[in-house]
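The values are calculated or read from the model by the stated rules, or taken from the named source; none is laboratory data. This one's a predicted model, so the numbers in the text were calculated from it and none came from an experiment. Backbone-built Cβ (ideal geometry, glycine too); neighbour counts: all protein chains shown.
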Amino acid sequence: MKSFILFFILFSLWLLMSGHYNVLIISLGIISCAFCVYVAKRGKLIDDEGLPIFFMPRLLNYLIWLFKEILKSNLSTAKVIINGKVEPETFTVKTSQVTDVAKVTYANSITLTPGTVTTKIQKGVFEVHALNSDFGNDVRTNEMDKKVTWLEGKK
Amino acid sequence: MELILDIFTSICFFIGSLSIIIGACGLIKLPDVFSRIHAAGMIDTGGTAFFILGMIFQTGWSLITVKLILIGVFIFFTSPVTSHVTANLARQKNILPVGKKIGKML
């Protein structure tokens, strides 16, 4: 089942990237996508980690929220750089996600919002570096943590 | 119609270049590696996002739009990884960030 989803994703990517729609090119696309799926299946890469489709139903909602956060923190990072009020701080936060993919998503989301960077990861604990105590408080309120746990949908 | 799209593109390019300039200033101005990563992250997200948005206004609905969006998606997924690798390598080389530390460090 998951192989078919992977094949569908790969083949739609092929169609969008190529832009040529004659028999030769499309059949070459089908062959190479099928070969990729075969290799991935042989390497046992098609599991929840390689193809996290359990994210899909809530992904759009989460992405819209994330873009809003990125815009907001971009503005405040620009303000901090111009003002020069830099008081860096380092702290640890606990994570409440179950799967590794969700943890990676959470760490990536922290890093993607300017002003906070995940510097180290251990089981269930992230070490976060923030440019300012405002950015630090944003992470420490665990709002993003709750959102990612909701996105994961395993609890 | 074309004029409106051109104006939107110019606004997007203006915001994008502004955030890249501010990010570049931050790269020079901020005190240590970890703080400079924040400025680089600003270039990665704000700069590229607005530039790609501006280019999308120029192309209209075509395959090139899809390719531009894909470029954005790949940068979106890869830029936090590079930021994290830089920060993690600095921590592994025992470079400690300046400023206060809350709780114990990992």
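Observations on the structure shown:
- A Cβ distance below 8 Å, combined with a sequence gap of six or more or placement on separate chains, defines the contacts here; from the stretch A:11-22, residues that are at negative phi reach residues that are among the hydroxyl-bearing types (Ser, Thr, Tyr) and at pLDDT below 90 in the pairs A:15/A:21.
- Cβ-Cβ contacts under 6 Å between residues 6 or more apart (or on different chains), taken from a first residue in the stretch B:46-61 that is at negative phi to a second residue that is β-branched (Val, Ile, Thr) and surrounded by fewer than 21 Cβ atoms within 10 Å (Cβ to Cβ), are listed as B:47/B:20; B:48/B:75; B:50/B:15; B:54/B:9; B:56/B:65; B:57/B:9; B:58/B:9; B:59/B:65.
- Against the conditions (1) within 13 Å of chain A (Cβ to nearest Cβ); (2) hydrophobic (A, V, I, L, M, F, W, C); (3) without any contact (Cβ under 8 Å) to a residue 40 or more places away in the chain; (4) farther than 18 Å from residue B:72 by Cα, residue B:3 satisfies every one except (1).
- Residues within the stretch A:114-135 that are at the interface with chain B (Cβ under 8 Å from one of its Cβ atoms) and either of a type in the set (Gly, Ala, Ser) or assigned to a loop (DSSP other than H, G, I, E, B) (or both), tallied: 3
- Which numbered condition residue A:24 misses (of (1) aliphatic (A, V, I, L, M); (2) over 19 Å from residue A:6 (Cα atoms); (3) surrounded by 15 or more Cβ atoms within 10 Å (Cβ to Cβ)): (3)
- The combined condition, being free of Cβ contacts under 8 Å to residues at least 40 places away in the same chain, in a helix (DSSP H, G or I) and closer than 24 Å to residue A:79 by Cα, is not fulfilled by residue B:41.
- There is at least one residue in the stretch A:83-95 that is at pLDDT below 85 and buried (at least 18 other Cβ atoms within 10 Å of the Cβ).
- Top-ranked residue in the stretch B:66-106 [being of a type outside the set (D, E, K, R), under 30 Å from residue A:14 (Cβ atoms) and at the interface with another protein chain (Cβ under 8 Å from one of its Cβ atoms); ranked as surrounded by the fewest Cβ atoms within 10 Å (Cβ to Cβ)]: B:77
- Pairs linking a residue in the stretch A:39-50 that is over 12 Å from residue A:7 (Cα atoms) to a residue that is hydroxyl-bearing (Ser, Thr, Tyr), with Cβ atoms under 8 Å and 6 or more positions apart or on different chains, are A:48/A:99; A:49/A:99.
- If you check A:87, A:69 for being in contact with an Asp or Glu (Cβ under 9 Å, 6 or more places away or on another chain), in contact (Cβ under 8 Å) with a residue 12 or more places away in the chain and among the acidic types (Asp, Glu), only one passes: A:69.
- Residues in the stretch A:96-109 that are more than 8 Å from chain B (Cβ to nearest Cβ) and among the aliphatic types (A, V, I, L, M) were compared, and the one that is surrounded by the fewest Cβ atoms within 10 Å (Cβ to Cβ) is A:98.
- Check on residue A:34, in contact (Cβ under 8 Å) with a residue 24 or more places away in the chain, in a helix (DSSP H, G or I), surrounded by 13 or more Cβ atoms within 10 Å (Cβ to Cβ) and not assigned by TED's automatic domain parsing to the domain that holds residue A:145: yes
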